[in-house]
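The values are calculated or read from the model by the stated rules, or taken from the named source; none is laboratory data. Because the structure is predicted, anything quoted here is derived from the model rather than measured. All Cβ positions, glycine included, derive from the backbone under ideal geometry; neighbour counts span all protein chains shown. These area figures cover heavy atoms from the full protein model, side chains too; ligands, DNA and RNA do not enter into them. Shrake-Rupley method; radii C 1.70, N 1.55, O 1.52, S 1.80 Å.
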Amino acid sequence: MLYRLNQSTNTYDVVAQINDRYATHYVDTNLAPETTYTYQMRTFSGDSISPSGASVSATTMPLMDSVAFSQAFSGLPNKVKIIWRPHTDPSVVGYVIKRANANSSDFDTIAQVEGRLQAEYIDNKVKANKTYSYTIHAKNNKGVLSKPSQVMSATTKELP
């Protein structure tokens, strides 16, 4: 049995029951970045579980940085144009664009742009004379998102 320390209760919770005694690896998933986790392994047979063994700790890697430069253009009729510098990491396969209404921190995904070298998005699902905020996340070939870019704001205008 594999146990992971629950930081909020300071108790060990079962993460996995490894039934093959010859198994030498287990991958714990859905973990937070830049976080240290502590584990214990216990053997079992029937209804018996051994006392806890030594604790082992591992720290997850940090999220990759987002794009180095990004900008949203204001003053376009019923649209916002966003540009960014392509990410330098060759494992990046695309970008996730998130939008929030002005003065809100509740960002929703509005688009996914495929291709590491693609570096613009035009949001035409906006209303005239409104201000929107945007962030960009790089996405690598494993589907992991980067830290968000700086928050960019843009205000639309009426059609001429």
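Using the empirical formula 2.2 N^0.38 Å as the baseline, the Cα radius of gyration of the chain reaches a ratio of 1.49.
Surface composition of the chain: carbon and sulfur make up 50 percent of the accessible area, probe 1.4 Å. Here's the picture: a label point sits 7 Å out from the Cα of LYS127 along the beta-carbon direction, and within the range 78-105 the residues with their amide nitrogen under 16 Å of it are 78-80, 100-104. Taking each residue as 0.36 nm, the span from LYS147 to ASP20 lengthens on full extension beyond its C-alpha to C-alpha distance by 42.0 nm.
Looking at the square roots a ≥ b ≥ c of the eigenvalues of the Cα gyration tensor of the range 66-160, which shape do they give, rounded for a/c under 1.5, prolate if a/b is larger than b/c, or oblate? Can you show the working numbers first?
Details: a/c = 2.35, a/b = 1.88, b/c = 1.25.
In terms of gyration-tensor shape, prolate.
With a/c under 1.5 counting as rounded, go ahead and sort the range 1-43 into rounded, prolate or oblate using the C-alpha gyration tensor (a ≥ b ≥ c being the square roots of the eigenvalues; past the cut-off, prolate if a/b is larger than b/c, else oblate). Taking the square roots of the gyration eigenvalues as a ≥ b ≥ c, the range 1-43 is oblate. Restricting the trypsin sites (Lys or Arg not before Pro) of the range 106-151 to loop positions (DSSP other than H, G, I, E, B) with no more than 13 neighbouring Cβ atoms within 10 Å leaves LYS125, LYS127, LYS142. Scanning the chain for chymotrypsin sites (Phe, Trp or Tyr not before Pro) in DSSP loops with at most 16 neighbouring Cβ atoms within 10 Å leaves 70-160 as the longest stretch between them.
Heavy-atom accessible area for MET41, with the other protein chains in place and a 1.4 Å probe, reaches approximately 100 Å². In the range 87-137, a dipole from Cβ-located charges (positive for Lys and Arg, negative for Asp and Glu) runs towards its positive end, and of ASN129, PHE107, ALA119 it is ASN129 whose Cα lies farthest in that direction.
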